Each structure stands twice: as structure tokens, then as C-alpha cells.
Amino acid sequence: MYEVRFHGRGGQGAVMAAQALAEAAVIEGRHAQAFPYFGAERRGAPVMAFARIDDRKISIKSQVYEPDLLVVLDGSLLDIEPVARGLKPGGKAVINTRKLPTEIDLGVEVECATVPATSIAMEFLKAPIVNTAILGAVVRVCDLVSMESMQQAIANRFGEKFGEVAARSNAAAAAAAHAQAVIGRCKGKRPLAQKNEWLPGWRDIPIGTTLDERVVEGVAVGPGGARQNLTGSWRVQTPRYDKEKCVRCLRCWFSCPEGCIKREEDDYVRWDLNYCKGCGICAQVCPVKAIDMIKGGSR
């Protein structure tokens with residue numbers, strides 16, 4: 001799985017950049033997801049967006065904490081946020097700046113592409129919206145998707161929202177950035193501020209999901225507590241359990257966020273499909289692949 005984290009400011013288009021990258025991957029027949037992270041912020045405030053690309057179905061729903069690729073849409077963020085925190089040692093970075101890669105200090109030495117995305121955006125779009133320009137540099141620095149797929153994704157996404165002229169202009173901005181990006185290695189001298197983050201494995205998940213449901217003043221409280229709603233109807237994929245492979249480690253039972261996996265007396269398990277939403281976490285944590293996810297919400 002390849003994970004990408006975008007850092008930008010409100011109004012620069014970080015969210016649409018993540019979406020366009022994911023769409024380009026889908027065009028090439030791969031699985032992808034993209035989603036934002038921001039609060040009730042004003043234009044210009046720091047924001048993040050994330051994308052994941054894989055050849056298999058993606059079940060992870062968390063933010064990207066350890067990206068393979070870091071994309072910075074505004075070079076000024078380097079001085080106010082530890083944007084490179086978690087970037088893998090063998091990762092890559094793309095930064096909107098006029099500086100050369102050797103002039104950039106991310107706090108970790110990695111392959112880096114710099115591109116004057118703001119100037120390119122002003123030339124082609126007449127506005128400092130740098131998302132499509134930065135995507136051209138992304139294609140240049142890594143082989144995630146082809147330039148043809150990226151331009152098609154840009155044309156699809158921006159054409160649908162803003163019209164054919166905007167689609168052509170944004171695709172042209174990406175092509176210009178692809179040509180103008182400079183690739184080198186950045187410096188890794190500055191100390192990266194450490195932030196306390198909880199990145200749990202299956203052993204670290206609170207035991208609350210394995211507790212019995214209780215009724216407090218007429219309200220069901222506990223895992224999957226909204227028992228009046230058959231949330232299993234949301235499911236578009238269903239866990240398939242191979243009891244012969246199961247080693248009864250109970251990771252699935254322990255990790256189910258809805259508490260809909262039931263532990264039997266012999267430590268084999270069963271699913272209450274009335275409440276299983278098909279998130280796939282059980283299949284992800286199973287060490288022997290005794291669980292896989294099949295399409296459909298059938299019982």
C-alpha cells in the first residue's frame with residue numbers, strides 16, 4: 001500500500017488534489033481512497049488531506065501517520081509545522097517552492113521535487129490554487145500513476161465541477177509543473193518536533209468492544225449500542241469465516257468496533273450480521289487469513 005499525505009492551506013485545493021490522485025489510480029485499475037482532515041477553519045488555515053493506493057481493497061480508515069509521499073502545497077508551512085513528521089526514511093516529498101531541493105531542510109533526508117506551483121497556477125488558472133500543478137510534480141517524482149491518467153482524472157474532476165475550459169487549464173498546469181519540477185535530495189538537519197500520538201495495534205485497542213451490552217435507563221449502551229437500528233443493512237461486503245484455518249487467537253473478536261463478533265465456548269467465533277457493517281477490520285487483523293471479505297450484504 002502506498003500512502004500520501006497532503007499539507008496545504010484552506011483554499012489551495014489539497015482535498016481535490018488527494019481526490020484527483022485517487023481517481024487517477026482508479027482509472028488504472030487500482031484501489032484508492034482519499035479524504036480530508038480539517039476543522040471549522042478559515043481560508044488560509046493549515047489543512048491536511050490523505051490518499052491511499054493499493055492493488056487490493058483498502059480497509060484502513062485512519063489518517064496517514066507514516067506517509068510514503070509527502071506533498072506540501074505551501075512552502076511556508078515548513079516553518080510553522082513539522083510536516084515531515086512520520087515520513088518514511090525511504091519516502092519522497094513534493095514541495096511548492098522556488099528553492100532547489102538541496103536548499104530544503106525537512107528534518108529527514110529524502111528524494112524531493114520542488115516546483116514553483118504558485119507561479120504556474122497564476123499563469124494557467126489566474127488564481128493561486130496550486131493543487132493541479134503540484135500533481136504534475138507528483139507524477140514526476142514517483143511512478144504512482146501515469147501523466148495520462150493524472151490528466152484524465154483532473155479533466156474528469158474539474159470538468160464536472162467547473163466546466164471544460166477549467167478542465168483544460170488545470171490539465172495544462174499539471175503538464176507545466178511536470179516539466180518544471182526539479183528533483184534532488186533535501187537536507188535532514190532540523191529537529192522534528194515530536195507529537196504524542198496513539199497508533200494502536202490490535203493488542204492496544206480498549207477492551208470496551210468485548211464487554212456485554214447493558215441497558216441503562218432504557219438505553220442500550222455498549223459496542224454497537226444503537227441496537228434499535230439494524231446497521232448490518234449498510235453492509236456492502238460480508239466477512240467469510242474459514243473455521244478450519246482459525247487458530248482461535250480472538251484478534252477479530254477483540255478488534256471489532258461494533259462488538260458484533262461473538263465468542264463461543266470453544267473460542268471459535270460467529271458474526272451477528274444484523275449489526276456487522278462490513279468494515280473488514282476482522283479480516284485485516286487475522287494472522288492466518290481465516291477471514292476474507294466477499295462482495296454483497298447477504299447473510
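The values are calculated or read from the model by the stated rules, or taken from the named source; none is laboratory data. This is a predicted model, so every value here is computed, not measured. Cβ sites come from the backbone with ideal geometry, for glycine too, and all protein chains shown count toward neighbours.
Is it the case, given these coordinates, that Lys126 is under 23 Å from the mean Cα position of the chain (by Cα), without any contact (Cβ under 8 Å) to a residue 12 or more places away in the chain and farther than 27 Å from Tyr65 by Cβ?
Here the answer is no, as Lys126 does not meet what is asked.
Looking only at region 1-44, which residues are in a loop (DSSP other than H, G, I, E, B) and surrounded by 23 or more Cβ atoms within 10 Å (Cβ to Cβ)? Working first, answer last.
Here is the first cut: in region 1-44, the ones in a loop (DSSP other than H, G, I, E, B) are 1, 10-13, 28-30, 38-44.
Result: Gln12, Gly13.
Please pick out the residue among Ala84, Ala133 that is more than 19 Å from Val165 (Cβ to Cβ) and touching a residue at least 40 places away in the same chain (Cβ under 8 Å).
Values: Ala133 fails: more than 19 Å from Val165 (Cβ to Cβ).
When all the criteria are applied, what remains is Ala84.
Do we find a residue being in contact with a strand residue (DSSP E or B) (Cβ under 7 Å, 6 or more places away or on another chain), β-branched (Val, Ile, Thr) and surrounded by 13 or more Cβ atoms within 10 Å (Cβ to Cβ) anywhere in region 260-270? First the steps, then the outcome.
Let us first name the residues in region 260-270 that are in contact with a strand residue (DSSP E or B) (Cβ under 7 Å, 6 or more places away or on another chain), namely 260-264, 269-270.
Of the ones still in play, those that are also β-branched (Val, Ile, Thr) are 261, 269.
Adding the requirement that they be surrounded by 13 or more Cβ atoms within 10 Å (Cβ to Cβ) leaves 261, 269.
Yes, region 260-270 contains a residue that is in contact with a strand residue (DSSP E or B) (Cβ under 7 Å, 6 or more places away or on another chain), β-branched (Val, Ile, Thr) and surrounded by 13 or more Cβ atoms within 10 Å (Cβ to Cβ).
Looking only at region 48-102, filter to residues that are touching a helix residue (DSSP H, G or I) at 6+ places or on another chain (Cβ under 6 Å) and among the small types (Gly, Ala, Ser); which one of those is modelled with the lowest pLDDT?
Ser59
Across region 48-102, what is the number of residues that are over 25 Å from Ile129 (Cβ atoms) and outside any loop (DSSP other than H, G, I, E, B)?
Qualifying residue count for the region: 2.
Modelled with pLDDT of 90 or more, outside the structural domain of Ser59 (by TED's automatic domain parsing) and more than 19 Å from Ile60 (Cβ to Cβ): which single residue out of Arg263, Arg227, Arg270, Arg251 fits that description?
Matching residue, one of Arg263, Arg227, Arg270, Arg251: Arg270.
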